[in-house]
Amino acid sequence: MDQTDLKILRLLQKDATCSVADIAEQVNLSVTPCWRRIQKLKDDGVIAQHTVLLAPKALGLNLTVFVTIKTSQHNAKWTQSLVGAVTSLPNVVEFHRMAGDIDYLLKVVVEDMAAYDRFYRRLIETVDLLDVSASFSMEVIKSTTELPLNIA
């Protein structure tokens with residue numbers, strides 16, 4: 001991957017709807033070589049997908065909750081059950097297995113506290129968990145999907 005590829009990636013991260021012609025002009029390539037580079041970045045798995053980012057508040061999703069889970073279970077069958085349960089919950093937008101004191105971290109978006117309570121009850125009814133705690137986001141200071149591309 002060279003500097004031109006990195007420039008292309010920066011442009012696409014800012015606006016994935018940018019036309020190949022516009023990108024080509026900004027990176028000083030003709031359209032066909034620029035298109036080939038983008039295709040190669042897709043084929044190589046560097047570009048994972050094109051998507052649309054929605055505004056949660058515009059959809060009534062006014063509360064972001066970070067849910068921490070501790071468990072005493074770590075066997076494959078239980079883990080498979082947890083993964084199935086959590087991935088089936090549409091309000092979970094991120095799900096991480098952690099190192100340290102917390103076993104799992106969820107990022108959950110809901111309408112309000114009552115909706116979070118419904119989510120919480122559904123979660124704890126589905127899988128046996130040792131501890132579930134929640135932290136409520138009061139303000140988003142930074143949120144981006146752009147990855148740093150400071151590769152030399």
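Every number here is computed from the coordinates shown, using simple stated rules; none is lab data. This one's a predicted model, so the numbers in the text were calculated from it and none came from an experiment. Here Cβ is always computed from backbone atoms with ideal geometry, including for glycine, and neighbour counts include all displayed protein chains.
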message: If each DSSP helix of 4+ residues adds -39,500 (n - 2.57) and the sum is divided by the residues in the chain, what number results at 222 nm, nearest 500 deg cm²/dmol?
response: -11500 deg cm²/dmol
Positive-end residue of L12, S133, W78, charge dipole of the chain with Cβ unit charges: L12
- request: Compute the longest continuous run of the chain that contains no exposed GluC sites (Glu not before Pro); treat a site as exposed when its DSSP state is not H, G, I, E or B and it has at most 13 other Cβ atoms within 10 Å.
  value: 1-138
field: Spatial separation of Cα centroids for region 2-40 and region 77-99, in angstrom
entry: 36 Å
message: Under 10 Å, Cα contacts only: if you run a Gaussian network model on the chain, which one of V67, V132, V31 comes out with the highest mean-square fluctuation?
response: V31
- line: Phi-derived 3J(HN,Hα) across region 122-131 with the Karplus relation (6.51, -1.76, 1.60, θ = phi - 60°), rounded Hz, x for Gly and Pro, is 5, 4, 6, 7, 7, 9, 6, 10, 6, 8
task: Return the sequence-ordered ³J(HN,Hα) values of region 81-95 in whole Hz as given by the Karplus equation 6.51 cos²θ - 1.76 cosθ + 1.60 applied to θ = phi - 60°, using x for Gly and Pro.
output: 5, 4, 4, x, 5, 5, 5, 7, 8, x, 6, 7, 9, 9, 8
- line: Which of K14/K57; K40/K142; K70/K142 exceed 25 Å between C-alpha atoms? The answer is K40/K142; K70/K142
- request: Compute the long axis of helix 31-43 from its Cα atoms, compare it with the longest principal axis of the Cα atoms of the chain, and write down the angle in degrees, 0 to 90, nearest 10.
  value: 30 degrees
